[in-house]
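The values are calculated or read from the model by the stated rules, or taken from the named source; none is laboratory data. Please read these numbers as outputs of a predicted model, since none were measured by experiment. Neighbour counts run over all protein chains shown; Cβ positions are idealised from the backbone, glycine included.
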Amino acid sequence: MPSSTTISDTTRAVGSASPTEPLIAPADADAVRRGPRPQPFLPPRWFVRTAWYAHRFYHRVTGGRRGLWPPSAGKWGTMELTTVGRRSGRTREAIVGYIEDGPNLVTMAMNGWSEGEPGWWLNLQAQPDASVVLKGGGRLVRARAAEGAERERLWAAYADHWPELDDYAPRRRSTAVVILERRADRSAG
């Protein structure tokens, strides 16, 4: 009599005497049946860069009244981040997505889903003091990269605002989770 193998047989732990010890979690067994997830559609690089420039232009031409929004349940917000160029010393502006973590702002150094670090993150590594403009006003910030358990917690929090994050982050292990902490205005005091 031929034996038939079931998913539960193939998920048994290697060397396990018990058929109830799974090698993989039951939720993962469903993924095994379905096969690998298809990669999400990513527009060509020229399109991503054009969208960045158009978004910044739209924000500028409307006098800052449009183009920024706060994060909400299940959706990240956008902010204008101003850094100092690491080579030029001139101010550089970028509009980036963010979430809030208490008083801090959290963003991802994803570079439009491409390899390499975005210029604004390279600038912040050289000079961590920056400023941001949010829908409700601006603030001075200091940037740092989250590490360890804090990074994992913030990655999960960002994924709550953007469920497809893991699909779109090809550099999951190396993508910096950037924390922008409020800093005091030295000129105010």
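Within the range 138-147, is there a residue that is within 23 Å of L165 (Cα to Cα) and exposed (fewer than 14 other Cβ atoms within 10 Å of the Cβ)?
Of all residues in the range 138-147, those within 23 Å of L165 (Cα to Cα) come to 143-147.
In the following step, the residues that additionally are exposed (fewer than 14 other Cβ atoms within 10 Å of the Cβ) were identified as 147.
So far as the range 138-147 goes, yes, one or more of its residues are within 23 Å of L165 (Cα to Cα) and exposed (fewer than 14 other Cβ atoms within 10 Å of the Cβ).
Among residues belonging to the range 141-182 that are under 19 Å from T78 (Cα atoms) and in a loop (DSSP other than H, G, I, E, B), point out the one that is modelled with the lowest pLDDT.
A169
Across the range 56-74, what is the number of residues that are touching a residue at least 24 places away in the same chain (Cβ under 8 Å), surrounded by fewer than 17 Cβ atoms within 10 Å (Cβ to Cβ) and within 22 Å of W121 (Cα to Cα)?
Adding up the residues that qualify gives 3.
Tell me the residue from V132, V96, V106 that is farther than 25 Å from F57 by Cβ and crowded, with 19+ Cβ neighbours inside 10 Å, please. Can you show your working first?
Details: V132 fails: farther than 25 Å from F57 by Cβ; V96 fails: farther than 25 Å from F57 by Cβ.
The match here is V106.
Keeping to the range 77-93, report how many residues are at pLDDT 95 or above, hydroxyl-bearing (S, T, Y) and within 18 Å of V106 (Cβ to Cβ).
Residues that pass the stated criteria total 2.
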